[in-house]
Amino acid sequence: MKDSTTAEIALERLPKEQREAWQTVLLILADDELAAGHRASEWLGLAPSVEEDIAFASIAQDELGHARFYYQWLARLENTDVDAFVFRRPSADWRNAVFLERVRGDFAEAMLRVWLYDEWDAIRLKALASCSFAPLAVGAKKMLCEEEYHLEHARAWMKRLASGGEARVRLTTALAHSFPALADLADFGSANFVLPELLGVDIHSLRDEWKKEVAERLEALRLVCPAWPEPQSGGRMGRHTEDMQELLSTMTEVSRWLPEVSW
Amino acid sequence: MDAALGNNHSQAVWKHLENIADPELPAVSLVDLGIVHRVETEENRVKVELLPTFIGCPALSVIADVVARELRSLDGVESVDVQFVYDTLWTSERLTERGKLALKRYGIAPPSLAQPVCPYCDSVETELTSRFGPAPCRMVAYCHHCQQPFEVFKTL
């Protein structure tokens, strides 16, 4: 299966610096979606109801599909294949946020992760949807429509978990545990400085928009918004935790056994 | 000798595509699903551009393979190039009326922003039970009138 090649020319014709900036952005988007998708897929069979099994599996499938969309552009620019990105990179070459690589917590923490990430993803996708690189803009618009279902789902669950009892206690614990790990989520690493050029918006306003959205929604649920950590580029510069090793080791297990296998 | 497939033969290709179904929705043709974006023919070469319904739909590569195989079987066609493109957005509004009817007959409520209508008994005493379903494009609802669960095509 191939995608349109009309845009390939446009991307490849960009001046080297601009092309590399796009590669940085695309890799961050791709790796985020892949890490989020992989962790979501782990809930299949473990979620509290069959509907949630299906929801997590469906969310995982969407995110992995989005990751493939981004990797296809990268593969073309770097003259390699999508599998090289997914199965043959050491942890230090991955650019996903540390928050998304973390091992599975309880259901409240997993749902909180989906919610926090998808609120941020929607904000950056909106910026991407109006970028000058047409196929990426159309893809972003499409992903926004798809992500709407994830967001509605996660927001509904946040409300349900916050309603009281053990669920609210667990959600509060998850908030305290999750916020310190958010330092590198709303970040584009070395591409932060060129974001206005690529997306017409700077990282600070994107980050503020996300924080405002999250804080307001937590307040509406009468939950205390924990302190935001100082922004850092951590995972965006390839600095990951041991959890990333675990993720990669599980994900690449079959391909390491059978390197010649066709997917 | 087979007649060459000229520039004005793209209609023959469109007609053939009307008989090819989405592997996950055997009741609906690719044309009625609205995913055929453009067909170009030049001599004995055919180029088909498709729009993905969902970016992560696992059926995409299967659809591309089926289209290529089916079109190669047409008289006068020697090479087929099938691509998924992002020139324009696929939305559920691209489903034809015939496509919506076929979905309903297959037991899937067509996309709608209003209350889903039960495809079995046409009741609106329905409830959305999950925003996710057996495929990325579908959700699950329940009909309180005929007490049947059913699928709803997502509005995109």
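The values are calculated or read from the model by the stated rules, or taken from the named source; none is laboratory data. Remember, predicted model here, so these are calculated numbers, not experimental data. Note that each Cβ is placed from the backbone with ideal geometry, even for glycine, and that neighbours are counted across all protein chains shown. The area values use the complete protein model at the heavy-atom level, side chains included, leaving out ligands, DNA and RNA. Shrake-Rupley method; radii C 1.70, N 1.55, O 1.52, S 1.80 Å.
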Is the range B:114-124 home to any residue that is assigned by TED's automatic domain parsing to the domain that holds B:Leu30, at pLDDT below 95 and surrounded by 19 or more Cβ atoms within 10 Å (Cβ to Cβ)? no
Just wondering, is there one or more residues in the range A:5-24 that are within 12 Å of chain B (Cβ to nearest Cβ) and either within 15 Å of the chain's Cα centre (by Cα) or crowded, with 18+ Cβ neighbours inside 10 Å (or both)? yes
Residue ranges of helices (runs of 4 or more DSSP H) in the range A:125-213 with at least 1 members under 16 Å from the mean Cα position of the chain (by Cα) and under 27 Å from B:Cys137 (Cα atoms): A:134-162
Tell me which of these B:Leu103 doesn't satisfy, since it passes every other one: (1) open to solvent by less than 40 Å² (accessible area, probe 1.4 Å); (2) over 15 Å from the mean Cα position of the chain (by Cα). (2)
From the options B:Glu127, B:Glu151, residue that is charged (D, E, K, R) and more than 12 Å from every other protein chain (Cβ to nearest Cβ): B:Glu127
Condition met for A:Asp62 (more than 26 Å from A:Asn192 (Cβ to Cβ) and either touching a Gly at 6+ places or on another chain (Cβ under 6 Å) or more than 14 Å from every other protein chain (Cβ to nearest Cβ) (or both)): yes
A:Val254 - would you say it is of a type in the set (A, V, I, L, M), more than 19 Å from the chain's Cα centre (by Cα) and over 22 Å from A:His177 (Cβ atoms)? yes
Out of the residues in the range B:72-95 that are at pLDDT below 95 and open to solvent by less than 20 Å² (accessible area, probe 1.4 Å), state the one that is farthest from B:Leu25 (Cα to Cα). B:Gly76
Examine the range B:41-55 for a residue that is in contact (Cβ under 8 Å) with a residue 40 or more places away in the chain, within 14 Å of chain A (Cβ to nearest Cβ) and of a type in the set (Phe, Trp, Tyr), and state whether such a residue exists. yes
Pairs only if they're at least six apart or on different chains, beta carbon under 9 angstrom, first in the range B:88-107 and under 18 Å from B:Met139 (Cβ atoms) and within 13 Å of chain A (Cβ to nearest Cβ), second part of a helix (DSSP H, G or I) and of a type in the set (A, V, I, L, M, F, W, C); list them, first residue then second. B:Trp90/B:Leu33; B:Thr91/A:Cys145
